[in-house]
Every structure is written in structure tokens, then in C-alpha cells.
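The values are calculated or read from the model by the stated rules, or taken from the named source; none is laboratory data. In this text, all values refer to a predicted model and were calculated from it rather than measured experimentally. Glycine gets a Cβ as well: all are built from the backbone with ideal geometry, and neighbour counts include every protein chain shown.
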Amino acid sequence: MNPLLEREKGLLELERRIEDLRSANEGQRIDMSAEIASLESKYRQLLAEVFGSLSPWEKVHMARHPRRPTTLGYIAGLDAFDELHGDRMFRDDPAIVGGFARLGGHSIVAIGQQRGRDMKENLARNFGMSTPEGYRKGERLALLAQRFNLPLVTFVDTKGADPGILSEEHAQSEAIAASLEVFAALRVPTLCVVIGEGGSGGALALAIADRVLMLEHSVYSVASPEGCAAILWGDASKADEAAAHLKLTASDLRGFGIVDEVIPEPLGGAHRDAAATVTRVLDRIGAVLDLLESFSLPDLLNARYEKYRRLGSWRDSLATDGAP
Amino acid sequence: MPMADWLRGGRNREKVRDDAAQWVKCPSCGEVLYRPDLSANLDVCVRCSHHFRMHAHDRILSLIDGDFEEIARGILPADPLSWTDKKSYPQKLAADAAKSGMDEAVLCGFGSIGGYELALGVMDFHFRGGTMGSVVGERLTRLIEAATERGLPCAIFTASGGARMEEGMLALMQMAKTTAAVVRLKASGQPFLTVLTDPTTGGVSASFAFQADVILAERNAMIGFAGRRVIEQTIRQRLPDRFQTAEFLLERGHIDGVVDRPNLKPTLERLLGYARAGMQRRKRAELSA
């Protein structure tokens, strides 16, 4: 069940009435602009009401919205992009795209997880779930960024790594583990944007970075809510409950220090104004790259280590008496 | 700390053993085994060699020559998400502590195996299914960092259902944290070994478990990224029994070897020997340079 549909019903109804009035207004002598303006103000009010108070489960659906901009949407907004393909070993995984790119004054390598925007494309891109070949391609392109001494920008948008027989046979664990190693120590500035859903180790494989940015209604979670509910309670249908527990929203993760910056979305979500969202995200990427370029590489690498070193929550029962 | 004292201090371990039934049925061959005999045989069935899941204390006892210097034992779990489902997260932790005699899912420290000093981390499936939360990540990171500082090899025995759900994203981030420490250890020239025991999955298999220089696995251990149930639900068919076993991974080229438990200590000794030989060559080269 998509809980967003229910909440959007009132909005869609208003949209229809405004549209009707507008077309009626055009052919008529009676001026209905006052009524239209009143409905429009009502619409904006309802929009703010609905999207100002989304539950975590509703945010999961915002993050998965079919019209939400995907990696290729952001790539289309770059000043140049030259796609590179394949893992050099077995195949080219369409669930991960990447290549050289230009953004303003920056030459970069960009890599992102690509889900489909409809069923046909989703089947082609395996719903954005990478196989080991995808992670190996990502790893190869990350190392290429290092080789060419260019900053790396990644876009995260995946439910998680592909859970299939072939992926296991091709060592999904090793592919993700190796990618983590490369990203942890990559000798160029790295920046990650969580643009949709960040699911589990499959997302993290592209998400260790000097700065992690996250769109306001994106989610990023240790497991998909469905997966978490299945693991803990043997019942994937309790995903809404799991979502409420997992603290997977951008503001939660900003609070934990896992995310460095939350990028606001247009009222009603990124999909209501994809062009504005893409522009805003690319602007922030440019600004953060400017900032990262001002640090020396050793400082950057130390700061990256310390940032992840600090993450976690525990108590030290022996700390008071000075014991190890 | 002398081994005997360490074991005594090792969480009401004796009590756990007293309460436990003295007879165990082998899940593989059905043989009824007397628990003290089973323990004396490294928790391996005398009849069919089925490897029972081992407690971390027993594992350390079976490998380490003399004393074991445990580190980071004061690091204990918090409840960052204030998680409650049927029970609260602290209640779950307390229940597992009482049952397993562990206060978290990993023990870390320094000791020697066959005269080779090393940093050793041992995960324990009996505590929260060996899941990795902040404490597992922090204890292991301290171990790996200490190995790097002291210039010692590091070995980790894995047993884990993956990341710990009740700590949410902070659990997932332990993959990044341990990875960063592993990268520094390897860059320092020290060897990193893992022994994958039953089961090793999810966030643990997709991080340090598969980042080692040499990866061994225990006989018949279940090892994989996605859980068997998840895959079966996705593809809507039953997986072959051997799928994701240590032997299956060996055939596919994912791991270096499958080792029976009694052979683990001698195997590790030989590997540590090769590593030391390499370090000595490096030192000689530095001296002559």
C-alpha cells in the first residue's frame, strides 16, 4: 500500500478544480480569477500541511516516487558527461552508471545507481539493485578518478544490492567489501548525494565520502523497511512499523552525524519540480566541491577517517576508573 | 591477565554451563553427545564431524597459547534509537547476555598462537545472532588500530547475521568504520586474516570478512551476502542445499580454503609463520639499505 496516494487525493482533487476553472475562465466573459486565486492559496496550504508532516513510511514512498529525479536526471543537468561502461571482467551492469563529467569549473568522475522510471526500464535496470559487476564497475571508475586525479561524485538510489543466485555466485560480499576499501582511502575529494532510497550495504558501497549530502525526503537505512520487518518479525508487511523505528530520514541522519547536509526539496517533493531539484542539487555539489578543493589531501584523508571513526553509540563502563 | 582469571571473569560463563543440559543431539547425524566430551572435542561431533557453533571464550581457549589480554571490554551497548518492538532493545540485550554469558557479540584482545603474537577478534553468534552494532564495530576497530600501532598481524573469526537492526544506520556505519581501519592495517604491512564460521552474512560478510589477505572458512559454514530466505522469496524457488556453504564458496573461488576445526590452529600458525618471514625479509632489506 502506498500511503502517499491517500494523502495526495485531496491535492489532486484541488488541482483538477483549478484546472477546470482556468479552462472555463478562458472562454468566458465572467472573471473567475478571484476564485482561482483562492483555490490556489488553499492548494498551497494543503501542500504544506501534507508534505510538512510526512511519516517515515510516507518518506520511503516519496523516495521511491516514479517521477522523482534519478541519477540520469542529474547527469543530464551536468555540463558534459562521457559515459564509461563495464567491469572489465564479465558485463556492464545497467543498475550503475558512471563516467567523466563537467560541472561548472569542475572536471569530475560521476557514478550513480540507476533505477527505472517505469516497469520496462526497471526490468532493464534490475530496479536499481546492483550485481557484483555493478560494484566492480563503480570501484573501477572510482580508481579511475584517482588515476586522473579528479574529484568523485556519487549518487545513491537503490533498495539494496541484488539478492539473486548469480550475484551470490559472483561474490556480492566481496564486491561490496572491496568497494568500501577503495572509497575509504580514495586519494581524491569524494562527495555523495543520497537522492532517493539508500538501502543497506548496497548503498554504502558508493556512499563513503568526505561529504554526504541528502535530499530532504530521501531515506537511507540499514535495511529496507520491508527487509527489516522480515528479519525481525518474519513479516515484510510490517514495513511501515519498521520504517517508524529505523530513523531513516534525512533529518534523523543529520542528527547522528552520518549525513553532513540536507538539501531542501520543492514543496510537495522533488517530483513536483524535477528541474528545480536538479539545479539545486548540482549547485550544492559545485559549492561543496569548491570547499573540498580547499583542503590538502592528507587533511582530507584524515578527516574522512575520523568522521567514520566517530560513528556509533556505546557506553564505556570502564572509562571512569581509567582501565583499558 | 592469566587465562584462568580471564575465563573466571568472563561473564558468569560457568553458570551458563551448569544450567545447560548435559546431553546434546547432533543436528547432522542424530548422535547423542555428552556435553563435556563435545567441548573437549572442540564442539565437533565425534561421529560425523559436524561443527557446532562455538562460544567465543571456547574459541579463544582453543587457539591461544597462554594468556589473553582482552581489550575494549568496557565498551557496552547503548540504545541510540530507543528501540522497542515486542521487547525493548535493552531487554533483548539483557536476555542474550544471561543466555550466552557474553555482554556483546565479539571478544577482542592480544595473545599468541604457536608463539606468534597477534590481535584476535572472535565473534559469537549466541549474542544477538552475532549482529554488528556500534559495540562490535568499536571493539573491532580498536583491535585493528591497536594491531597497526603495535605492528602485529590481526585475525578475526566471523559469525554474524549481519548489521544489527535495532541500531539502524549507526550499525551500517560500522562497516565503513572497520573498513577504514582495515585499510590502514594493510597499508602498514601487517597481514589480515579472517576465518568465516557459521553463519557469516550481510554487513559483516560485505565488509571486513571479505577484506582479508587470506580468507579461511570452517567446514559447512553458511556464508553469503543475502540470506537464504530472502533469495528464495525473490526468485520464488528453493535453493540447492549446498548453496552458500563454505565448500560452495571454495569451488567458486571466493575463499582460500575450508579448514576442519582441529586443523585451524596449526593452519593459522603456518600462515603467521609466512607473514613473519616476510616481515623479517623487509627488516633485513631496511637494515642493509
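Side notes on the structure shown:
- Members of the range B:142-165 that are more than 8 Å from chain A (Cβ to nearest Cβ), part of a helix (DSSP H, G or I) and more than 15 Å from the chain's Cα centre (by Cα): B:Arg142, B:Glu145, B:Ala146, B:Ala147, B:Thr148, B:Glu149, B:Arg150
- Screening the range B:199-253 for residues that are under 15 Å from the mean Cα position of the chain (by Cα) and surrounded by fewer than 21 Cβ atoms within 10 Å (Cβ to Cβ) and picking the one that is farthest from the other protein chains (Cβ to nearest Cβ) gives B:Arg219.
- Scanning the range A:67-84 for residues that are surrounded by 15 or more Cβ atoms within 10 Å (Cβ to Cβ) and part of a loop (DSSP other than H, G, I, E, B) gives A:Arg68, A:Pro69, A:Thr70, A:Gly77, A:Leu78, A:Leu84.
- Across the range A:207-245, the number of residues qualifying as closer than 21 Å to A:Arg310 by Cβ and touching a residue at least 40 places away in the same chain (Cβ under 8 Å) comes to 9.
- Residue within the range A:176-191 that is within 16 Å of the chain's Cα centre (by Cα) and not basic (Lys, Arg) present: yes
- Contact map, the range A:118-136: first residue on the phi < 0 side of the Ramachandran plot and part of a helix (DSSP H, G or I), second residue hydroxyl-bearing (Ser, Thr, Tyr) and buried (at least 17 other Cβ atoms within 10 Å of the Cβ), Cβ cut-off under 6 Å, separation 6 or more or different chains; pairs are A:Pro132/A:Ser167; A:Tyr135/A:Ser179.
- Unique match (being more than 9 Å from chain A (Cβ to nearest Cβ) and either buried (at least 24 other Cβ atoms within 10 Å of the Cβ) or out of contact with any His (no Cβ under 6 Å at 6 or more places or on another chain) (or both)) among B:Gly129, B:Gly168, B:Gly137, B:Gly133: B:Gly129
- Criterion applied to B:Ala119, B:Ala56 was being under 30 Å from B:Lys177 (Cβ atoms), in contact with a helix residue (DSSP H, G or I) (Cβ under 6 Å, 6 or more places away or on another chain) and among the small types (Gly, Ala, Ser), and the one residue passing it is B:Ala119.
Let's see how each residue does on (1) surrounded by 18 or more Cβ atoms within 10 Å (Cβ to Cβ); (2) within 24 Å of B:Ala217 (Cα to Cα); (3) at pLDDT below 95:
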| site | (1), (2), (3) |
| --- | --- |
| B:Ala21 | no, no, yes |
| B:Leu42 | yes, yes, no |
| B:Cys45 | yes, yes, no |
| B:Arg53 | no, yes, no |
| B:Arg59 | yes, yes, no |
| B:Leu63 | yes, yes, no |
| B:Gly66 | no, no, yes |
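- Of the listed requirements (1) farther than 30 Å from A:Leu166 by Cβ; (2) of a type in the set (A, V, I, L, M); (3) in contact (Cβ under 8 Å) with a residue 12 or more places away in the chain, A:Ile111 misses just one: (1).
- Comparison of A:Ser23, A:Ser41, A:Ser53 shows that the only residue that is closer than 21 Å to A:Ala243 by Cβ and of a type in the set (S, T, N, Q) is A:Ser53.
- Selection count where residues are within 20 Å of A:Gly128 (Cβ to Cβ), small (Gly, Ala, Ser) and under 20 Å from the mean Cα position of the chain (by Cα), scope the range A:46-100: 7
- Scanning the range A:247-273 for residues that are outside any loop (DSSP other than H, G, I, E, B) and either surrounded by fewer than 17 Cβ atoms within 10 Å (Cβ to Cβ) or more than 14 Å from every other protein chain (Cβ to nearest Cβ) (or both) turns up A:Ser251, A:Arg254, A:Gly255, A:Glu261, A:Val262, A:Ile263, A:Ala270, A:His271, A:Arg272, A:Asp273.
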